[in-house]
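Some notes on the structure that comes next.
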Amino acid sequence: PSVPRHTNRLINEKSPYLLQHAHNPVDWFPWSQEAFDKAKKENKLIFLSVGYSTCHWCHVMEEESFKNKEIGEIMNKNFVCIKVDREERPDVDKVYMTFVQATSGGGGWPMSVWLTPDLKPFVGGTYFPPEDGVHRVGFRTVLLRIAEQWKENKDALLENSQKILEALLYRSEIRVRGQESPPPSKEVMATCFQQLSNSYDEDYGGFSESPKFPTPVNLNFLFTYWALHRTTPQGARALQMALHTLKMMAHGGIHDHIGQGFHRYSTDQHWHVPHFEKMLYDQGQLAAMYSRAFQISGDEFFADVAQDILLYVSRDLSDQAGGFYSAEDADSYPTTASGEKREGAFCVWEAEEIRALLPDPVEGATEGTTLGDVFMHHYGVKETGNVSPMKDPRQELKGKNVLIVQSSLELTAARFGLELGRLGALLWEGRRRLSAARAQRPRPHMDTKMLAAWNGLMISGFAQAGAALAKQEYVSRAVQAAAFLRRHLFDPTSGRLLRSCYRGKDNRVEQSAVPIQGFLEDYAFVIQALFDLYEASLEQGWLEWALQLQHMQDKLFWDPKGFAYFSSEAGDPSLLLRLKDDQDGAEPTANSVTVTNLLRAACYSGHTEWVEKAGQILAAFSERLQKIPITLPEMARATAVFHHTLKQVVICGDPQGEDTKEMLRCVHSVFSPNKMLILADGDSSAFLYRQLPFLASLERKDGKATAYLCSNFACSLPVTSPQELHGMLCS
């Protein structure tokens with residue numbers, strides 16, 4: 001690469017996204033006091049650009065506008081320009097996204113917002129093309145018009161921005177309004193089920209026409225709904241909706257059949273042509289959902305998909321120190337000689353490429369059949385490409401194929417006169433060869449930032465899969481990642497989590513000069529991960545840390561007046577609003593996850609005030625839960641756990657004993673959303689015995705491993721056979 005012509009302040013940052021813009025001719029600042037002071041001193045407006053390193057349209061806007069010297073000059077002359085990585089600073093992103101959504105009816109990234117010198121937004125949008133078109137105003141024009149407005153109508157702009165801020169404050173407030181009690185769980189669950197059922201795609205699964213997102217929160221809700229209504233037609237439908245969706249996704253092009261893992265979302269109804277970036281938070285949640293699907297159905301298909309996701313994460317998203325990277329980009333160079341990146345280039349295939357890689361004749365199949373024929377039939381490959389031009393507006397996938405399983409193994413086998421086992425081996429060989437060929441292509445950019453929250457979701461994925469699939473190596477990987485969090489994303493002196501760390505020089509883990517403190521979601525997802533990890537590993541140290549973090553979360557984020565938790569801490573003068581998220585989207589919202597965390601924390605500690613707090617969160621979101629619970633499926637699910645009271649499954653036994661292990665395997669094989677696991681190993685000096693004195697009164701019956709079901713510190717009669725325990729767990 002040639003020596004860069006320009007270098008701005010972003011060169012000193014650690015975020016891969018900010019570093020991508022360090023050589024723009026724009027005089028970018030990070031979100032910092034230095035930038036705010038400059039805006040005030042020079043009485044300039046601020047142009048705020050927010051994105052993330054694997055965002056396709058962020059790359060497009062950079063190529064078209066931020067690398068353009070003339071546009072850069074207009075920006076530098078008239079504005080103080082600030083660049084924010086939304087994954088590093090979700091707090092800043094949420095404040096201004098709330099504004100953009102309220103004023104334009106839509107939102108997304110890149111987000112472009114103009115602020116007064118005191119950080120109040122007055123104009124915003126997302127992607128702007130560089131020049132005026134038939135339907136859109138160009139970025140250059142917008143910059144010049146806004147600069148002109150500031151010169152001519154400064155006072156009106158300032159007054160308007162103040163009004164906007166007041167309206168936002170009012171609009172975004174979530175609080176208890178008089179009524180103190182949580183909403184009725186039965187109605188919330190029924191409404192949420194009905195709303196999901198109405199938006200369900202009967203043919204292809206999922207909950208919209210297109211684009212289609214994986215939304216694990218919907219599947220998690222449906223599994224819980226099924227578990228509480230197993231014998232009803234609605235319960236059966238809930239399970240069918242979840243399993244069918246997972247099956248169709250796994251067959252689709254959104255699933256990377258060659259390199260494993262899942263892409264971000266599908267642009268069409270059939271899960272076929274995705275946006276190709278891969279996000280850590282999707283892999284973590286989907287690994288948990290596929291493991292759960294296996295746990296409930298016993299169908300090995302789901303176990304295989306869970307293992308496929310975890311193989312991808314272990315191989316491609318894992319840092320040698322134990323943490324997980326954030327994402328892999330959609331765009332890459334088609335060949336080492338290419339001058340420009342294309343979306344999906346790393347993942348798509350031309351028919352002749354596949355023919356050349358798989359020329360072998362297949363013995364026993366119809367005359368003249370090659371491995372390529374079988375493979376191309378099974379994965380929907382067409383000579384002219386299988387991507388509709390409608391789904392490829394920039395013509396990047398012309399003549400290319402996105403692999404999608406369009407016929408069952410049985411049908412493909414019948415078509416070529418093959419046995420099923422033989423077909424499986426042939427497809428495996430085809431995938432192996434394509435994988436080797438793909439390894440020669442230039443890889444997409446990897447965002448090697450490591451975030452506490454997303455690492456938490458991934459630890460839960462490994463821990464839950466390890467327990468449900470009885471795979472100790474997954475539990476060990478989760479333990480390694482939790483130890484990484486403790487070492488690199490936790491400050492033992494203050495007891496607080498940090499948001500992010502980075503892969504630096506020589507692959508060492510680095511921290512920014514001023515570390516970013518953890519946000520609410522970092523606490524919620526890490527605490528959830530530690531509870532999941534305890535249930536999979538039965539190491540009490542993780543529980544102890546989870547409870548310490550829960551106390552810290554209460555201290556930093558709880559709203560004592562309106563109830564529930566704020567997303568960010570008080571005391572940052574650069575944040576105009578302290579918000580509470582009210583939507584379970586690609587990730588669940590932190591308040592939703594916290595409801596269940598608090599109920600688990602109370603069961604492991606005996607602190608009943610945490611149960612009360614869980615009810616207060618539900619009360620704060622009561623109106624939304626009753627009217628549109630489909631926007632909060634994870635919190636709707638938590639209303640049921642709250643209502644049914646979380647029950648402790650206590651196994652008294654020697655952790656090394658075969659009888660204990662058998663009882664634990666039984667617990668792990670059943671999905672029961674309102675039960676949590678405790679191993680009482682008889683060590684009365686251990687953490688759990690100190691927290692829960694009632695454990696000391698539970699004995700092993702006839703010296704055998706014994707299970708009790710306890711609720712509100714009263715326990716059922718003891719059972720010593722896995723069969724009886726199984727019945728108890730399903731009741």
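Given C-alpha coordinates of segment 298-400, what is the ratio Rg to Rh with the Kirkwood estimate of Rh?
Working: Rg = 17.8 Å, Rh = 16.9 Å.
Radius of gyration over Kirkwood radius for segment 298-400 works out to 1.05.
Sort the following peptides by mean Cβ neighbour count (other Cβ atoms within 10 Å, averaged over residues), highest first: 148-157, 478-487. Please report the intermediate quantities before stating the final value.
Numbers: 148-157: 12.6, 478-487: 20.7.
Highest mean packing first, the order is 478-487, 148-157.
Whose amide H sits under 5 Å from the amide H of Val509, counting only residues 5 or more places off or on another chain, with H placed in the peptide plane?
For Val509, the qualifying residues are Gly504.
Can you give me the three principal axis dimensions of segment 62-110 from its C-alpha atoms, in Å, biggest first?
31, 25, 20
Where a Cα-Cα gap under 18 Å defines reach, which lysines qualify for Lys212, not counting those fewer than 8 residues away within the same chain?
The qualifying lysines are Lys247, Lys278, Lys391.
Largest first and in whole Å, give the semi-axes of segment 138-226's equivalent ellipsoid, each being the square root of 5 times a Cα gyration tensor eigenvalue.
Whole-Å semi-axes of the equivalent ellipsoid: 44, 25, 8.
Skip the ligands, DNA and RNA, and give the accessible area per residue of segment 662-711 with a 1.4 Å probe, whole Å².
Details: 2140 Å² over 50 residues.
Solvent-accessible surface per residue comes out at 43 Å².
With θ set to phi - 60°, apply the Karplus curve 6.51 cos²θ - 1.76 cosθ + 1.60 along segment 93-101 and write out the HN-Hα couplings as whole Hz, x wherever there is a Gly or Pro.
Those phi angles translate into 4, 5, 4, 7, 5, 4, 5, 4, 5 Hz.
So what are the radius of gyration and Dmax for the Cα set of segment 354-462, in Å?
Expressed in Å, the Cα Rg and Dmax of segment 354-462 come to 18.0, 56.
Rounded to the nearest whole Å², what accessible area per residue is found for segment 50-177 with the 1.4 Å probe?
Dividing the accessible area of segment 50-177 by its residue count gives 44 Å².
Could you please state, rounded to a whole Å, how far the C-alpha centre of segment 608-675 is from the C-alpha centre of segment 484-507?
30
In whole Hz, with x marking every Gly and Pro, tabulate ³J(HN,Hα) for segment 197-203 from phi via Karplus 6.51 cos²θ - 1.76 cosθ + 1.60, θ = phi - 60°.
Here the 3J(HN,Hα) series is 4, 5, 9, 6, 8, 4, 7 Hz.
Taking only the C-alpha atoms, wrap a convex hull around segment 410-553 and report its volume per residue in Å³ as a whole number.
Roughly 165 Å³ of hull volume per residue.
So how compact is segment 325-376: Cα radius of gyration and Dmax in angstrom?
My reading of the Cα-based Rg and Dmax gives 16.0, 48 Å.
How much accessible area per residue does segment 275-319 have, in Å², with a 1.4 Å probe?
On a per-residue basis, 24 Å².
What percent of all Cα-Cα pairs in segment 1-91 falls in each 10 Å bin, counting up from 0?
17, 52, 29, 2
Enumerate the whole-percent occupancy of each 10 Å bin, from 0 to the last occupied one, for all C-alpha pair distances of the chain.
Per 10 Å bin, starting at zero, the Cα-Cα P(r) for the chain comes out as 3, 13, 23, 25, 19, 11, 4, 1, 0 percent.
Work through the residues other than Val188 whose Cβ is under 15 Å from its Cβ and net out their charges, Lys, Arg +1 and Asp, Glu -1.
My count for the surroundings of Val188 gives -1.
State, to one decimal in nm², a quarter of the convex hull surface area for the C-alpha atoms of segment 631-682, i.e. the direction-averaged projected area.
Mean orientational projected area (segment 631-682, Cα hull): 4.2 nm².
Listed highest first by mean packing, meaning other Cβ atoms within 10 Å per residue, what order do 116-127, 319-330, 212-223 come in?
212-223, 319-330, 116-127
Quick one: what Rg and Dmax do you get for segment 549-660 from the alpha carbons, in Å?
In order Rg, Dmax, the Cα atoms of segment 549-660 give 16.5, 58 Å.
To the nearest 20 debye, what is the magnitude of the charge dipole of segment 22-150 about its Cα centre, counting +1 on the Cβ of each Lys and Arg and -1 on the Cβ of each Asp and Glu?
Charge dipole, segment 22-150, about its Cα centre: 280 debye, nearest 20.
Cysteines of the chain lacking any other cysteine beta carbon under 4.7 Å?
Cysteines of the chain left without a disulfide-compatible partner: Cys81, Cys192, Cys347, Cys501, Cys603, Cys652, Cys666, Cys730.
Of Lys94/Lys555; Lys38/Lys561; Lys561/Lys647; Lys471/Lys704, which ones are farther than 32 Å apart at the Cα?
Lys38/Lys561
What is the Cα radius of gyration of segment 174-287 over 2.2 N^0.38 Å, N being its residue count?
Taking the Cα Rg and dividing by 2.2 N^0.38 Å, one obtains 1.20.
Using only the Cα atoms of segment 255-333, each taken as one equal point scatterer with no solvent, compute I(q) by the Debye sum, divide by I(0), and report log10 of the ratio at q = 0.15 Å⁻¹.
-0.55
Calculate what fraction, in whole %, of the accessible area of the chain sits on carbon and sulfur atoms when a 1.4 Å probe is rolled over the protein chains. Walk me through the numbers on the way to the answer.
Values: 15080 of 29590 Å².
C and S atoms contribute 51 percent here.
Can you list the HN-Hα couplings for segment 407-422, worked out from phi with the Karplus curve (6.51, -1.76, 1.60; θ = phi - 60°), rounded to whole Hz and with x for Gly and Pro?
Ordered by residue, 3J(HN,Hα) equals 9, 5, 4, 4, 5, 4, 4, 5, 4, 9, x, 10, 6, 4, x, 5 Hz.
Can you give the charge dipole size of the chain about its Cα centre, rounded to the nearest 20 debye, using +1 on the beta carbon of Lys and Arg and -1 on the beta carbon of Asp and Glu?
With only Lys, Arg, Asp and Glu charged at Cβ, the dipole is about 980 debye.
Pairwise over distinct Cα atoms, reciprocal of the mean inverse distance: report the Kirkwood radius of segment 82-173 in Å, one decimal place.
Working: mean 1/r = 0.0709 Å⁻¹.
This gives a value of 14.1 Å.
The values are calculated or read from the model by the stated rules, or taken from the named source; none is laboratory data. What you see is a predicted model, and the numbers here were worked out from it, not measured in a lab. With ideal geometry, Cβ positions are generated from the backbone for all residues, glycine too; neighbour counts draw on all protein chains shown. Accessible surface areas use protein heavy atoms only, side chains included; no ligands, DNA or RNA. Shrake-Rupley method; radii C 1.70, N 1.55, O 1.52, S 1.80 Å.
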